[in-house]
Every structure is written in structure tokens, then in C-alpha cells.
Amino acid sequence: MNSKTVIVSLLTLLASGVLLGTAQAQESKPEIDQRSYNLGIMGGFAEVVRLGVKKLALSEVMTPEEMDGVMEDAGIIARRNRVLIWRETDFLVTDLYPEDVAEGKHVLLIYTGETLDEYLELKADKAALVASNRYEGQAREDIARRFGKLLSYPDEIIDELIASQGN
């Protein structure tokens, strides 16, 4: 595994909350408030996007009110890291994550360049498949894989995420 794959794998696991000790860290004192935690995640992901380790990164999912409360600071983080952010209110749902992962919630996309256009194109491709009743089988898996690649996930992680959803 190359260093980029290792970094992306660790960040993926961290964002998924499956690293050993995550629950223990949340129970220890002093507590880190959720807003600070969310901004810290954004800062870390903004840096790896700026460095080209990830093409697209996602903030934690948040209620619209929580997102309202971090937008100004998220903008500061983005400017400091020379990345762009997009407030997604209708998150692309694929077989990488549970369908309800962002239901009624918002997520920030952290990216550079034309990546937002690629994300929006992927959403449009999925919508066209759904509209034509063809969002199934290989076409459905292809959408998930394309999204995983946009997130710079290694193939092994994409395989694991898809398998964990049982679709």
C-alpha cells in the first residue's frame, strides 16, 4: 500500500468513526464540543484536499442549524487552505453509506478545481438512472464506485463500504 492509500484509508476510517478508541475519547474529560470537533474535521480534510491527497472530502453531516453555526468558520478554514466549499443540502446517496446517513441534514463538500462539477454530474447521472428505472445492478454499483473514486478512496475501501451496505 502506498502512503497516499494509507492516509486516505485512515482518514476514511476516522470519518466513519470506527477507529479504536473513538467512543472512549468521547467519554474522557475534558470534552470537546461538537462544533469544535466538526471544525477540526473540516480543517484536517481541507489540508489533505489542498495537498492533493484527496480530491473531495466531506464534513460531518449536520442539522441545518448546526451547519449555519459553522459556515463562517468553515469559510475561514477554506480560505486558509486555499480550497473551496459547497454546502450540500441534498447529499448524493449511494451504496457507500446507509441511505439515511444525511437525511434532513447538510454536509460540506471540500474540494479544489472542477471537482464540484464532477460531483454534480455524478448526481445528475444517478438521477437520470433513477428516472429511467435503471438505477440497479451494475449501474447502481458504478455510481457508488465513481463516488468512492471522487472521494479518493482506495478500491479495497470502496469494496468494503459497498459490501457493508449489503446491496
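The values are calculated or read from the model by the stated rules, or taken from the named source; none is laboratory data. All figures in this text were calculated on a predicted structure; none of them were measured in a lab. Backbone-built Cβ (ideal geometry, glycine too); neighbour counts: all protein chains shown.
Here residue 119 does not fit the description of being of a type in the set (Phe, Trp, Tyr), surrounded by 20 or more Cβ atoms within 10 Å (Cβ to Cβ) and out of contact with any strand residue (DSSP E or B) (no Cβ under 7 Å at 6 or more places or on another chain). Taking (1) under 30 Å from residue 69 (Cβ atoms); (2) touching a residue at least 60 places away in the same chain (Cβ under 8 Å) in turn, residue 95 satisfies each apart from (1). For segment 72-101, a residue qualifies if it is surrounded by fewer than 15 Cβ atoms within 10 Å (Cβ to Cβ) and either assigned to a helix (DSSP H, G or I) or polar (S, T, N, Q) (or both), and the qualifying residues are 72, 75, 76, 79, 80, 89. Filtered by the rule that a residue be surrounded by 15 or more Cβ atoms within 10 Å (Cβ to Cβ), at pLDDT 95 or above and either over 29 Å from residue 77 (Cβ atoms) or of a type outside the set (S, T, N, Q) (or both), segment 102-116 gives 105, 106, 107, 108, 109, 110, 111, 116.
One residue stands out among those in segment 102-127 that are in a helix (DSSP H, G or I) and of a type in the set (Gly, Ala, Ser): the one that is nearest to residue 84 (Cα to Cα), which is 124.
For residue 130, the conditions (1) under 27 Å from residue 78 (Cα atoms); (2) outside any loop (DSSP other than H, G, I, E, B) all hold with the exception of (1).
Please verify whether residue 161 is surrounded by 14 or more Cβ atoms within 10 Å (Cβ to Cβ) and over 21 Å from residue 35 (Cβ atoms), treating the condition exactly as stated.
On the way: surrounded by 14 or more Cβ atoms within 10 Å (Cβ to Cβ): yes; over 21 Å from residue 35 (Cβ atoms): yes.
Criteria met by residue 161.
Pairing residues of segment 142-167 that are more than 25 Å from residue 112 (Cβ to Cβ) with residues that are of a type outside the set (A, V, I, L, M, F, W, C) and not in a helix (DSSP H, G or I), at Cβ distances under 7 Å and at least 6 apart in sequence or on separate chains, gives 162/95; 165/95; 165/98; 167/95.
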